[in-house]
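Everything below concerns the one structure shown next.
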Amino acid sequence: MSEEQMQQTLLPHLLCHCGLMCCRSEGTMTMNTTVDNITSPAVTTSQPPAAALAHLTEPFRVALLIIYTVVLLVGITGLSVMISLLKTNIRSLTTIAYLNLMVAHFLFLLTVPFRIYYYAYTPLQWQLGLEFCKLVSAMVHIHMYMVFTIYSILLTVRVLHFYKKTQRTEFYRRLHGLGASVLVWLILFIIVVPLVVLQYGTKTKTQEQCFQFGNKLHEDSVYALNMVLSILIITVSCFQACIQVIILCQMILKYGPASRSQHEFWVQIKNLSFVLIMLTCLVPYQLFRIKYLKHPEDLHQINEVFLAITGLTCFDMLTFTGKSICKICCT
């Protein structure tokens with residue numbers, strides 16, 4: 001066989017052999033690529049989400065447990081003491097305001113044990129449903145705004161009465177005061193509560209962790225509303241504080257050492273105690289909230305502590321026992 005015939009015979013075999021190797025190489029590469037494509041999503045889906053919601057660390061959980069336990073104990077004690085008000089003049093605007101405060105404190109205290117349960121539970125996990133979580137979470141805000149509203153109305157009426165701008169601080173009939181109170185609470189339950197359940201916390205990412213609805217604050221309307229409410233509470237509280245200081249200074253200048261024998265003096269001292277509660281329990285939270293509204297995710301834990309401090313307004317019921325305690329403290 002000549003050399004030319006041998007090349008013609010071996011060339012197809014060599015080409016076939018090389019083609020087979022290439023096919024095998026391409027097949028291997030294709031198979032590896034396919035396997036990588038199949039296995040890659042599985043590895044990705046098994047990883048935890050990077051943008052997980054912030055959770056409460058141990059120091060903040062302990063602080064919240066202590067604050068809400070104190071709130072619960074003081075609130076129950078205050079409610080027990082305030083039961084005696086039910087036997088007083090129901091026509092009095094002051095008594096009606098106190099009774100509404102009692103109702104607000106009572107409804108809030110009903111939700112406090114669930115907060116204590118949540119913060120004490122290990123691991124931190126809510127097992128009572130998202131809707132109930134939203135109701136418990138919103139109740140501390142409803143309580144705060146109701147207390148502020150009742151304080152403002154009571155203090156304004158008393159200031160007007162002091163400056164003789166109004167002489168009447170009683171309802172014409174007993175049922176008028178009770179009817180007005182029932183109407184306010186009916187509006188609250190019929191309108192506010194359904195809105196809370198339907199709209200509050202609609203952007204929460206998990207049902208296992210409660211009281212984390214800061215994502216809603218990124219909406220412009222919600223942000224603006226919260227900012228206006230915070231500025232309003234701070235402004236009104238400081239204004240009421242200035243008025244009470246002016247009134248007390250006027251009484252001291254007018255009566256001197258005999259001021260403590262005046263009934264109006266002790267009324268103003270009790271008003272001052274309401275103002276101090278507003279300045280120590282409500283204003284700090286509202287001042288912090290102005291910053292929190294801009295960074296809800298980063299400041300979530302500190303916000304919960306400031307929010308818990310607003311529950312200490314339940315101490316106001318201990319000031320309703322009369323002027324005898326104030327006299328003892330001043331002597």
> Is there a residue being surrounded by 14 or more Cβ atoms within 10 Å (Cβ to Cβ) and either among the small types (Gly, Ala, Ser) or in contact with a strand residue (DSSP E or B) (Cβ under 8 Å, 6 or more places away or on another chain) (or both) anywhere in segment 286-296?
Replying inline: no
> Of all the helices (runs of 4 or more DSSP H) wholly in segment 220-319, which have at least 3 residues that are closer than 18 Å to residue 138 by Cβ?
Replying inline: 220-255, 283-292, 300-309
> So residue 102 fits all but one of (1) at pLDDT below 80; (2) aliphatic (A, V, I, L, M); (3) within 30 Å of residue 184 (Cα to Cα); what number is the exception?
Replying inline: (1)
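So that you can scan it fast, the table gives a plain yes or no per residue for (1) farther than 17 Å from residue 144 by Cα; (2) under 15 Å from the mean Cα position of the chain (by Cα):
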residue: 274; (1), (2): no, no
residue: 278; (1), (2): no, no
residue: 286; (1), (2): no, yes
residue: 296; (1), (2): yes, yes
residue: 301; (1), (2): yes, yes
residue: 304; (1), (2): no, yes
residue: 309; (1), (2): no, yes
> Quick check, is residue 122 modelled with pLDDT under 90, part of a loop (DSSP other than H, G, I, E, B) and among the hydroxyl-bearing types (Ser, Thr, Tyr)?
Replying inline: yes
>> Condition first: at pLDDT below 90 and either over 14 Å from residue 111 (Cβ atoms) or of a type in the set (Ser, Thr, Tyr) (or both). Now tell me which residues in segment 130-151 satisfy that.
In response: 130, 137
>> Looking only at segment 207-259, how many residues end up being of a type in the set (Ser, Thr, Tyr) and exposed (fewer than 14 other Cβ atoms within 10 Å of the Cβ)?
In response: 2
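The values are calculated or read from the model by the stated rules, or taken from the named source; none is laboratory data. Predicted model only: the values in this text are computed from it and were never measured. With ideal geometry, Cβ positions are generated from the backbone for all residues, glycine too; neighbour counts draw on all protein chains shown.
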